[in-house]
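Single-structure report; data block below.
Every read-out reported here was derived from the displayed coordinates using simple, explicitly stated rules and does not represent laboratory data. None of these values were measured; they are calculated from a predicted model. Positions of Cβ are generated from backbone atoms using ideal geometry, with glycine treated the same way; all protein chains shown enter the neighbour counts.
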Amino acid sequence: MKISGFKYLANQGIENIWKNKMMAFATFCVLLISLLLVGGAALFYFNMNSMILGLGNQNEIAVYLDPSTGTARVQEIQAQLETMDNIDSVEYISKEEAYNRMKNQIQQGEAIFDYIDSYEFMPDGFKVTVVSNDRIEDTTAQIGGIEEVQSASSSPQVAEFLRELRRVVSIIAIAVIVALSVVSMIMISNTTKASVFARREEIQIMKYVGATNSFIRTPFFVEGMVTGFFAGAGAFFITWAVYRAIFRILMEQGTLMRAFGVGSIIPFDKIQLWVALAYLVIGSLVGALGSVVSTRRHIDV
Amino acid sequence: MVELQNVSVTYSSGVDALNNVSLKINDGDFAFVVGSSGAGKSTMIKLLLKEIDATSGVVTVNGYNLGKLKKKKIPEFRRTLGFVFQDFRLIPSMTVYENIAFVLRVIDAPLKYIRKRVPYVISLVGLHSKTNSYPDELSGGEKQRVAIARALVNDPQLIIADEPTGNIDPELSYEIVELLKGINDQGTTILMVTHEHDLVRHFGGRIINITGGEIVFDEVISGVDEVLPEEELAQAMAEASAAANTGNIVLPDQRIMTPDGGYSGADRNGGSEQ
């Protein structure tokens, strides 16, 4: 096919949108709703995942050293911890700080501390957070293996709970996304079929005058792609507005919501490029393919 | 050139639509195909368009053996034909110009050629003033002219016209056949299927009568060349309409040909035997 021929067919595809505006609008709406349903479910899943991971990161390993460990060795151990696998942060807690923390925690028994004038009996320690909460047990054991480490403890139950929660959320989310995708494909397929059915005679005429299948399909392909692209753009702007509004509302909530991991909700700015790309590419592809596949039944004349 | 050699078509329902039909239409011929409903005319058209395949026999159109024609080659074959349908089959969203130019677009013709050729064929069918009109804005006769222009624009070797006058006023039917005759004079083979026996009688030429899936009559008859006076035309139309119900044809020599190929009529107004 010559370039001028393709240009003509592409123009035909765009003109067809205008000429068949009611059907094009129906396809646009169905694509838009489908993209929003699947996109919304996917974003909800990603954020749930991020929130659970965020909660997991609050799970930390408390490391206590032998009180006789010298300052130089403490620094060496800190450096060693920082280079270990799966370590996110290492915070040094000195004997003095540990002493003060304990004092604060046992406020009603403050009198006890009148008899202790030194914090030297307290161990130096570290508050260690991990990258992957799933491997917290291994990391704890590894830290426990360092000679001067008197104790390294974490809460594997929390890790286990969060791991299980993530698994369940993932299964549910994927099932919902798959179900919504199937429903969307059925809706899109029916709409494009109706759109093509309305023009079946046009396709037959094209066949009678000797048009090849690709000649007939190209305008439908372009038409579906352009409609899908605009549906993708529409879905992006709706998502942008709704997402930002929900994000703002949640962020304005107090610390209570943060305890549920709301602080880990992904800001839209961070993902907007990917969301836009996904909507536009998927919208265009589904629109184009749906349109072309629907012509198959009528093209065999 | 169209050639059917011992062609039979049996549908999956068991109906024998064509039964051992042999027929040859040479280049430059003008042939009327007549017959009552269900006689097998539509099946023959479908065969010639390669919409269906023959159950047995050989169908050759414009040098293509349709039984052996691969699916991929069908568009190439159809480009050697022009079609005119009873229901016009114009694309409603395209103007007269676009409907006709579309055929040339299909064969990837140069834009320069399209811009020259399309106005030319539009003027041939006398629709210059309707170039930018949409099919909805045209009368039945005008729509059929556009369909003829579309069939003609590709300069096909053969034009198949399936009841081209079926949806237009009787007086316009003559104009349409005249137009097809004019195209035939330029060397294009025309195969016209019709129910309208007065047209056949008026124009004459080769007449092929299909009845019960068989060719029962295939002869050249001379037509009444002069335009019939108003009252004679009305009478001819009434006869044609009556004949259409029975499948009979009133021949120019006033004999009445029945669907089984027999002659049952006598002279009308003292017409002589030929």
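Straight Cα distances below 18 angstrom link B:LYS116 to the lysines B:LYS130, with same-chain residues fewer than 8 positions distant left out.
Shielding of peptide A:209-218 by partners, expressed as the average count of other chain Cβ atoms within 10 Å per residue Cβ, is 6.
Beyond 30 Å between alpha-carbons counts as too far, so tell me which of A:LYS207/B:LYS112; A:LYS19/B:LYS143; A:LYS21/B:LYS72; B:LYS50/B:LYS181 fall in that bin. Pairs exceeding 30 Å: A:LYS21/B:LYS72. Residue by residue along B:104-110, Cβ atoms of other protein chains within 10 Å of the local Cβ number 5 on average. Averaged over residues, the count of other Cβ atoms within 10 Å places the peptides B:74-83, A:268-277, A:6-15 in the sequence B:74-83, A:6-15, A:268-277, highest first.
So how much slack lies between A:TYR115 and A:ARG244, counting 0.36 nm per residue of separation and subtracting their Cα-Cα distance, in nm?
Extra length from A:TYR115 to A:ARG244 when fully extended: 40.8 nm.
Here chain A is treated with +1 on each Lys and Arg Cβ and -1 on each Asp and Glu Cβ, and its dipole about the Cα centre works out to around 3080 debye.
Considering only A:ALA141, A:LEU289, A:MET51, the residue lying farthest towards the positive end of the dipole of chain A is A:LEU289, judged by Cα position with unit charges set on Cβ. Give the shape of the protein assembly as shown as rounded, prolate or oblate, defined through the alpha-carbon gyration tensor: a ≥ b ≥ c are the square roots of its eigenvalues, a/c under 1.5 means rounded, and otherwise the shape is prolate if a/b is larger than b/c and oblate if not. Note, shape of the protein assembly as shown comes out prolate.
Using 1/(1 + (r/R0)^6) with R0 = 56 angstrom and r between the beta carbons of A:ILE174 and B:LEU69, what's the FRET efficiency to the nearest 0.05? FRET efficiency, A:ILE174 to B:LEU69: 0.70.
Within 10 Å of each residue's Cβ, count the other Cβ atoms and sort A:THR27, A:THR295, A:THR239 from fewest upward.
Sorted ascending by nearby Cβ count, the order is A:THR239, A:THR295, A:THR27.
The mean number of Cβ atoms from other chains found within 10 Å of a Cβ in peptide B:86-93 is 4, as a whole number. Relative protection proxy for A:35-44, A:158-167, from highest mean packing down: A:35-44, A:158-167 (other beta-carbon atoms within 10 angstrom).
Relative to the longest principal axis of the Cα atoms of chain A, helix A:268-299 runs at roughly 30 degrees. Here each label is just a point 7 Å from Cα along the line to Cβ, and for A:PHE6 and B:LEU111 those points are 1.6 nm apart.
Applying a DSSP loop filter and a limit of 15 other Cβ atoms within 10 Å to the trypsin sites (Lys or Arg not before Pro) in the range A:38-146 leaves nothing. Listed by chain and number, the lysines whose alpha-carbon sits under 25 Å from that of A:LYS95, ignoring those within fewer than 8 places in the same chain, are A:LYS103, A:LYS127.
Mind running the shape call on the range B:134-174? Use the C-alpha gyration tensor, a ≥ b ≥ c as the square roots of the eigenvalues: rounded below 1.5 for a/c, prolate if a/b tops b/c, oblate otherwise.
Oblate, since a/c reaches 1.5 and b/c is not below a/b.
Dipole magnitude for the protein assembly as shown: computed about the Cα centre from +1 point charges on Lys and Arg Cβ and -1 point charges on Asp and Glu Cβ, it is near 920 debye.
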